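Student: Once you've had a glance at the structure underneath, I'll fire off some questions.
The numbers here are math on the coordinates, done by the rules we state, and not lab data. Just so it is clear, the model here is predicted, and its values are computed rather than measured. Because the Cβ atoms are built from the backbone with ideal geometry, glycine has one as well, and the counts that use them run over all protein chains shown.
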Amino acid sequence: MDELSKIKKKYGPTLAEVLAHKEKIDGERKSLGSLEERISQLEKAASEEYTRALTIARQLSGGEKRRPWSWPLNSKKSYPPWE
């Protein structure tokens, strides 16, 4: 009985108010669960779009990364520096 008194003091003087508060919390929890699922879906979509953009960028650039020693062909510096 002591526990019920604590709950009523915290969430409302009647059992109906306590139960209404519980329903409200249950609804919020369910909403948070669906938000987590949506976040997961959006992260997956973002990853797929990033991969797609990277593929297109590689196609546009010829598919190879440039190396510092291949940029300035007329430079007096030696590339790579360890050669």
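Student: When the convex hull of the Cα atoms of region 2-63 is projected onto a plane and the area is averaged over all directions, what value comes out in nm²?
Tutor: 5.9 nm²
Student: Charges only on Cβ, +1 for Lys and Arg, -1 for Asp and Glu: so what's the dipole of region 2-63 about the Cα centre, in debye to the nearest 20? Present the calculation step by step, with values, prior to reporting the outcome.
Tutor: Details: 12 positive and 11 negative charges, 24 e Å.
Dipole about the Cα centre, nearest 20: 120 debye.
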